[in-house]
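S.K.: The following block contains the structure, expressed as C-alpha cells.
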Ligand code: SF4
Ligand code: SF4
C-alpha cells in the first residue's frame, strides 16, 4: 500500500488563480501548479465530454438550451429508499442527504418550501446562483485526475515465482526468459518518464518480483537519476510474498530507497499455509522470521515507527475466520486490513480448489469483519479496514485516487502496466486475462503518448464511464466504479450490464451498509468520525 | 415457468420499462414484446429460480422508473452545461 500526501495537482491554465486560492483556503489542501501535456489533457477531457454527450443525448454543441442564468434549478439527483419513511439522495459531486418521504414527494413535484430549499441548496440538490460556482469547482477537482496522466506505473519484473499459491495465475518457475532484462528495464523507465505527471509511483510486481532483484535495483537507480534530471518526484512500492526471496541486503537497499513494501498475509498459520500450496510448508514461520528481520533493519535505519503493509486474499476457507484473520494482523503489528474479494482471473477460477464464493457470502464476510474492527476500536485497539475507509472518504467529500472504484477507472489514463517482455497493458488485471484486449502497446514501438492516444486504450477508458450504464440511475454512482477487465472475463464483452455482475452487488451492499451504520448506529458514527480524521489516503 | 405482464403503451414509456427491468436481470431472462396498444414483458427464470414476480410490485417499480427516467431526461441540458464547464479549460469565470 502506498501512502500519499494530500496534494492535488492542477495545471495553471486549467484553473483560475482565484479558484486555486479559494481551494487553498477552504479545503486546506496544498495545490501545486504543474505543466501538463496539452494534447493528453485535452484528449482525456474531450473523451469524457464526448462520451458523456453520446450517452445522454445530443452532440456537445447543441447544449445551449440551459443557461446558468436559468437558475435556480433542481439538480439531477439519484435516490434510494433506505427505510419506509426515508430516502438517500446524492448528486454527481458525491454530496448526499437523507430526506423524509414527505419531502421527497415534494421534491419530485418540484414544490419545495423555503426551509427545505435551504437544506437542498447546501447539498447541491438545488442549484442556485449562490452555489453553482462551488458545485462546478467541486466537479472539476473530482475529475482532476483526467489531467494528470498516469500516476501509477506497475512494472512486472518477472513472471517467475517460488510459490504456487492456490488462487494465483503464476506457478512456481525460475526461467531466465521470464525475467525483465536490463535493456527492457531501461526502456521501461524511459517510457514512464514520458508521463506528463510530475510525480508518480513505480510499483514492482511479479510473479515474485524479488526473484529478479537486479532489474528492481537497475530501475530504481536509473529512475532516481532521471527524476533528478527531469525534476520529477518518484516513489516506489513492491508487492512480495516475503519468503526465501527476501534477504538482508535486498531489504537494506529497498528501505534506503524508501520502497513501500506490501506482503501477502491471508490470516492465521493454517489458512495462510493452505493458500500457499503444498510445495511450500512452514510458509507462516518463514514469514514471521522475515517480518522480524524487516523490523530489525527498519529500526537500525530510522527512529520512525515501523511501516508494515499486508494484502490478504479471501477464499471460501476465510469466510468464517474473520476474527482470526484480523487478530493475526494485529499480532504482526499491522493496523489496517484490506478485505479483498478474490479477483476471478486465472487459477482462481479453477473449480477443483473451490475458492470462489457468492457475492452475498463475501459481503457477509466483509460486514462481519467491519463489525469486528468496530468492536476492537471501541476497546481502544487501533485497526481499520481499507474499503471502510475508502467508502467513508468518498461519502464525506473526497475522491480518493483509488482507481478501481471511480468513473472512468484508472485503466491507461491513471495506471499502466509494463510487462517483463516489454508489452504494455492498461493495468495489472488486464495482463492476467486470457484476451489481449488490454494489451495497448509495446515499450519498443511507441512513446507513452501514442500508447495512451491509441483507440484501444480509449475504448477501455470509455467503457468504464458509469453514465452509460444503469449506474446513471443509482444513488451510489458518485462513489462507485466498474471494471472492464473483470467484465470481459465474466461476460465476454467490455460493455457492462452492471446489475448482472457480482461487482455491483458487492459494492452496492458495502456502500449501503456504511450509510446505514452511519445513520442508525451512534457508536459506529463516532468511530467513523475518528477514522476520517486520520485518513492518510492511499493511491492505487 | 415463463410469466408475462401486460403494460398499456399509453401509460408508460418503453425506456422507463427498461429502467424498471434492470432489477430483474439477475434472476430472469427478459423480453419486451409489443402489439399496437400494449407491451408484454416476458420473464423467463434463470438458473432454476421459480420465484413468481408480483405484478403490483413491478408496477410500483415502473412508476418510480418512469419518474427517474423523466427526471434524467429533463436534467440533460443542465447536466451537459455543468459538465462542459467543469471539464473544459478554464478561461474566465464569466465565460
Ligand atoms: S455498479 Fe451497481 S452500485 Fe455501482 S453505481 Fe452501478 S448500479 Fe450502483
Ligand atoms: S480495468 Fe479494472 S483493474 Fe483495470 S484499472 Fe479499470 S477497474 Fe482497475
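S.K.: Only one residue in A:178, A:162 is in contact (Cβ under 8 Å) with a residue 12 or more places away in the chain, surrounded by fewer than 22 Cβ atoms within 10 Å (Cβ to Cβ) and within 21 Å of residue A:444 (Cα to Cα), so which one is that? Give the derivation first.
M.R.: Working: A:162 fails: within 21 Å of residue A:444 (Cα to Cα).
Exactly one of A:178, A:162 is in contact (Cβ under 8 Å) with a residue 12 or more places away in the chain, surrounded by fewer than 22 Cβ atoms within 10 Å (Cβ to Cβ) and within 21 Å of residue A:444 (Cα to Cα), namely A:178.
S.K.: Right, something else. Does residue A:517 satisfy being surrounded by 18 or more Cβ atoms within 10 Å (Cβ to Cβ), within 16 Å of the chain's Cα centre (by Cα), more than 10 Å from ligand 1 (Cβ to nearest atom) and part of a helix (DSSP H, G or I)?
M.R.: Taking the combined requirement at face value, the residue does not satisfy it.
S.K.: Within chain B, which helices (runs of 4 or more DSSP H) (wholly inside it) include 2 or more residues that are more than 9 Å from chain A (Cβ to nearest Cβ) and more than 15 Å from residue A:473 (Cα to Cα)?
M.R.: B:55-74
S.K.: Given (1) within 30 Å of residue A:192 (Cα to Cα); (2) out of contact with any strand residue (DSSP E or B) (no Cβ under 8 Å at 6 or more places or on another chain), where does residue A:324 come up short, assuming only one miss?
M.R.: Status for residue A:324: all satisfied but (1).
S.K.: Kindly indicate which of A:469, A:473, A:479, A:437 is farther than 23 Å from residue A:338 by Cβ, crowded, with 16+ Cβ neighbours inside 10 Å, in contact (Cβ under 8 Å) with a residue 40 or more places away in the chain and within 16 Å of ligand 2 (Cβ to nearest atom). Lay out the reasoning, then the answer.
M.R.: Details: A:469 fails: in contact (Cβ under 8 Å) with a residue 40 or more places away in the chain; A:473 fails: within 16 Å of ligand 2 (Cβ to nearest atom); A:479 fails: farther than 23 Å from residue A:338 by Cβ.
A:437 is the lone residue from the list that is farther than 23 Å from residue A:338 by Cβ, crowded, with 16+ Cβ neighbours inside 10 Å, in contact (Cβ under 8 Å) with a residue 40 or more places away in the chain and within 16 Å of ligand 2 (Cβ to nearest atom).
S.K.: Something else: Take residue A:424 and decide whether it is more than 25 Å from residue A:386 (Cα to Cα), crowded, with 23+ Cβ neighbours inside 10 Å and near ligand 2 (Cβ under 8 Å from one of its atoms).
M.R.: Spelling it out, it is not the case that residue A:424 is more than 25 Å from residue A:386 (Cα to Cα), crowded, with 23+ Cβ neighbours inside 10 Å and near ligand 2 (Cβ under 8 Å from one of its atoms).
S.K.: In addition: Quick one: which of A:304, A:385, A:324, A:360 is under 18 Å from the mean Cα position of the chain (by Cα) and away from ligand 2 (no atom under 16 Å from the Cβ)?
M.R.: After ruling out the rest, the residue left standing is A:385.
S.K.: Follow-up question, since we're still on this one. Give just the number: which of (1) in a loop (DSSP other than H, G, I, E, B); (2) touching a helix residue (DSSP H, G or I) at 6+ places or on another chain (Cβ under 6 Å) does residue A:140 not satisfy?
M.R.: (1)
S.K.: Cβ-Cβ distance below 6 Å, separation of 6 or more or different chains: which pairs start in segment A:405-422 with a residue that is over 25 Å from residue A:506 (Cα atoms) and end on one that is part of a loop (DSSP other than H, G, I, E, B) and near ligand 2 (Cβ under 8 Å from one of its atoms)?
M.R.: A:417/A:427
S.K.: Can you tell me how many residues within segment A:471-504 are modelled with pLDDT of 85 or more, under 16 Å from residue B:22 (Cα atoms) and part of a helix (DSSP H, G or I)?
M.R.: Residues that pass the stated criteria total 6.
The values are calculated or read from the model by the stated rules, or taken from the named source; none is laboratory data. None of the values given here were measured: they were computed from a predicted structure. Positions of Cβ are backbone-derived with ideal geometry, glycine not excepted, and every protein chain shown enters the neighbour counts.
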